[in-house]
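J.: Handing you a structure now.
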Amino acid sequence: MIREFGAGEILYLVTAMQWTVMLSAIAFAGGGLLGLVLTILRMAPWRPGHWLVTGYVQLFQGTPLLMQLFIFYFGFGIFGWDVPAIVAASTALILYAAAFLTDIWRGCIQAIPAGQWEAARALGLRFLPQAWLVILPQAVRIAIPPTVGFLVQLVKNTSLASIVGYVELTRAGQVINNATFQPFSVFLVVAALYFALCFPLSLLSQRLERRLRTGGAPMHAIP
Amino acid sequence: MAYQFQFGSVFAGFDQLLWGAWLTVVLSAVGIVLGLCVGIAGGWGRAMGPRWLRWTIAAYVEVIRNTPFLVQLFLIFFGLPGLGIKMSAGTAALLTLTINTGAYCTEIVRAGIEAVPRGQVEAGRALGLSRFHVFRFLMLFPALRTVYPALASQFTLMMLATSVVSQISAEELTFAANFMQSRTFRSFEIYAVVTLMYLALALAFRGFFRGVHWLLFERGR
């Protein structure tokens with residue numbers, strides 16, 4: 001029997017948004033923490049750390065997110081760990097977000113005049129207090145608009161987790177479509193719900209950017 | 001860890017993967033050219049068009065940039081046939097890529113045009129250049145030069161995003177990998193090799209765009 005695409009189905013899609021939001025939050029929090037560590041490691045006066053972070057960023061920015069998801073999805077199985085799809089999806093998205101955030105934040109830190117580093121050193125601070133107390137608080141101001149902009153990319157990219165079987169908004173859309181056979185209406189609603197999540201964030205990012213008058217933020221657009 | 005890695009079956013079918021990689025390059029190249037055309041037309045509309053056109057283009061850009069590529073793909077490939085518009089998976093993939101890349105290019109070209117000093121445009125008008133020539137020589141060309149790095153990185157990211165079109169069974173590298181995976185069940189090995197192939201493609205794209213930059217902007221200077 002073919003179901004109608006009615007209020008109940010739309011409600012199901014709206015409910016599924018919470019899983020998209022949850023996965024985005026996990027990826028953003030985890031990716032932000034790892035990204036912060038990598039950013040500090042890259043700034044540190046230790047060459048191998050710099051190369052390591054650069055290689056990491058190149059690797060994750062130079063390969064499709066879908067491949068990263070597959071690698072972790074099938075990779076956990078190799079070790080004999082039967083993990084649920086959410087674990088594989090979160091791992092891949094955290095590592096992916098960390099690479100892009102590190103790259104965005106590098107630009108923000110480079111925007112801080114070298115005199116700030118020299119002044120901090122002249123005050124007798126070691127590397128970590130230099131970075132943590134002097135440079136990062138100034139860089140955060142510039143970093144907020146492009147970071148919010150990247151959050152939009154992240155929310156959209158959680159849709160790929162549906163491919164490894166994690167039930168979020170896109171997967172819920174496929175499930176409803178398989179029951180109702182009204183793909184145009186179903187995916188139009190799914191797209192509208194993503195828009196409702198992402199557009200306010202985009203506006204916020206633009207507004208913050210204008211207020212801070214930081215000029216053009218580094219463009220990190222992932223279709 | 002009791003798992004035995006077996007790359008033999010991957011390399012036995014390596015020519016399939018190479019063919020897939022070639023299709024990815026072709027799909028990306030056509031998508032880039034068409035997307036850039038849409039972007040330039042959109043940038044023209046945003047800069048020179050009447051108010052209703054500027055608003056329509058702005059809405060197009062925002063709608064595309066705030067919805068996932070995968071959902072756009074499903075809407076076009078699964079949704080449009082319901083309205084009587086049928087197309088093959090390859091056509092749907094290319095159409096979605098063009099619409100998607102076009103929106104990002106429009107935004108990038110618009111940013112470049114906005115960065116062109118007003119005085120330069122006014123000087124062109126004062127010299128009696130036509131609107132078309134003012135746009136072409138005093139707005140578009142300087143804008144493209146300014147935003148070239150942003151466009152190049154957008155195109156490389158687009159090439160990586162084409163892996164998603166395997167989900168509507170359009171043929172490219174990921175599709176070839178999925179096909180091989182369903183025959184050999186060597187999932188991890190296949191995707192590890194294909195990931196490295198994408199990395200090589202991304203580096204090649206980056207090198208290519210650097211070369212184009214040198215040809216267009218640096219040579220003989």
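The values are calculated or read from the model by the stated rules, or taken from the named source; none is laboratory data. Predicted model, so just to flag it, every value in this text is computed and none were measured. Every residue, glycine among them, receives a Cβ derived from its backbone with ideal geometry; neighbour counts consider all protein chains shown. Remember, those area values only see protein heavy atoms, side chains included, never the ligands or the DNA or RNA. Shrake-Rupley method; radii C 1.70, N 1.55, O 1.52, S 1.80 Å.
J.: For Cα pairs less than 8 Å apart in space and 6+ apart in sequence, what is the mean separation divided by the residue count of the stretch B:125-221, i.e. the relative contact order in percent?
T.: With pairs under 8 Å counted, the relative contact order is 25 percent.
J.: Show me the helices of chain A, taken as full DSSP H stretches, that run 24 Å or more along their long axis by Cα and average -1.0 or above in Kyte-Doolittle hydropathy.
T.: The qualifying helices are A:7-43, A:85-110, A:136-157, A:183-212.
J.: Once you've got the GNM for chain A with C-alpha springs shorter than 10 Å, pick whichever of A:Ala191, A:Ala97, A:Ala179 has the biggest mean-square fluctuation.
T.: A:Ala179
J.: Further, regarding this structure: State log₁₀ I(q)/I(0) for the stretch B:1-50 at q = 0.18 Å⁻¹ as given by the Debye formula over alpha-carbon point scatterers of equal weight, solvent excluded.
T.: With no solvent term, the Cα-only Debye profile gives -0.72.
J.: Using alpha carbons only, how many angstrom separate the centre of the stretch A:46-64 from the centre of the stretch B:118-190?
T.: 24
J.: Suppose every K and R has +1 on its Cβ and every D and E has -1 on its Cβ; what is the size of the dipole of the protein assembly as shown about the Cα centre, in Debye to the nearest 20?
T.: It works out to roughly 1480 debye.
J.: Got a sec to turn the phi values of the stretch B:43-60 into Karplus ³J(HN,Hα) couplings, 6.51 cos²θ - 1.76 cosθ + 1.60 with θ = phi - 60°, whole Hz, x for Gly and Pro?
T.: x, 5, x, 5, 8, 10, x, x, 4, 4, 5, 4, 5, 4, 5, 4, 5, 4
J.: May I pose another question? Which one of B:Leu83, B:Leu27, B:Leu94 has the biggest mean-square fluctuation once chain B is modelled by GNM with Cα springs under 10 Å?
T.: Among B:Leu83, B:Leu27, B:Leu94, the largest mean-square fluctuation in the Gaussian network model of chain B belongs to B:Leu83.
J.: Would you calculate a helix-derived [θ] at 222 nm for chain A, using -39,500 (n - 2.57) for each DSSP H run of n ≥ 4 and dividing by the full residue count, to the nearest 500?
T.: Computed ellipticity for chain A at 222 nm equals -25500 deg cm²/dmol.
J.: Return the tail of the calculated pair distribution for the stretch B:13-213, meaning the percent of Cα-Cα pairs more than 29 Å apart.
T.: So the portion of pairs separated by more than 29 Å is 34 percent.
J.: Tally up the carbon and sulfur contribution to the accessible surface of chain A as a whole percent, 1.4 Å probe, everything protein left in place.
T.: 68
J.: Kirkwood hydrodynamic radius, chain A, all distinct C-alpha pairs: what's the number in Å?
T.: Roughly 19.3 Å, rounded to one decimal.
J.: Roughly how big is the B-A contact, given as buried accessible area in Å² (both sides, 1.4 Å probe, nearest 100)?
T.: Answer for the B-A pair: about 3700 Å² buried.
J.: Another question about this same structure. When N counts the residues of the stretch A:97-182, how does its alpha-carbon radius of gyration compare numerically with 2.2 N^0.38 Å, as a ratio?
T.: Normalised Cα radius of gyration, the stretch A:97-182: 1.74.
J.: Could I ask something else about it? Using 16 Å as the cut-off for backbone N distance, which residues of the stretch A:148-179 belong to the label zone defined by a point 7 Å from the Cα of A:Ile2 along Cα→Cβ?
T.: A:176-179
J.: Any chance you could check the stretch B:74-91 for residues losing 20 Å² or more of accessible area when the partner protein chains are in, compared with the chain on its own (1.4 Å probe)?
T.: B:Phe74, B:Leu75, B:Phe78, B:Gly79, B:Leu83
J.: Further, regarding this structure: Enumerate the amide H contacts of A:Gly62 below 5 Å, restricted to partners 5 or more residues apart or on another chain; note that Pro and chain-start residues carry no placed amide H.
T.: The list, which skips near neighbours in sequence, is empty: none.
J.: How far apart, in nm, are two points set 7 Å out from the Cα along the Cα-to-Cβ line at A:Ala25 and at B:Glu218?
T.: Placing both labels 7 Å beyond Cα along the Cβ direction yields 4.7 nm.
J.: Right, here's the next one. Using alpha-carbon pairs under 8 Å, 6+ residues apart, how would you state the relative contact order of chain B in percent?
T.: 31 percent.
J.: Next question, about the same structure. Counting other C-beta atoms within 10 Å, and keeping those with at most 12, which DSSP coil trypsin sites (Lys or Arg not before Pro) do you find in the stretch B:47-150?
T.: For trypsin sites (Lys or Arg not before Pro) across the stretch B:47-150 that sit outside H, G, I, E and B with at most 12 neighbouring Cβ atoms in 10 Å, the list reads B:Lys86.
J.: I'd like to check one number: the per residue accessible area of chain B, probe 1.4 Å, reported in Å² as a whole number.
T.: That works out to 48 Å² per residue.
J.: Another question about this same structure. Given N residues in the protein assembly as shown, what is its alpha carbon radius of gyration divided by 2.2 N^0.38 Å?
T.: Against the empirical 2.2 N^0.38 Å value, I get 1.03 for the protein assembly as shown.
J.: Here is a further query. Using a loss threshold of 40 Å², tell me which positions in the stretch A:147-161 are less accessible in the complex than in their chain alone. Probe radius 1.4 Å, ligands and nucleic acids ignored.
T.: A:Lys156
J.: Testing the spin-label approximation: label points 7 Å from Cα along Cα→Cβ at A:Val37 and B:Ser9. State their distance in nm.
T.: 3.6
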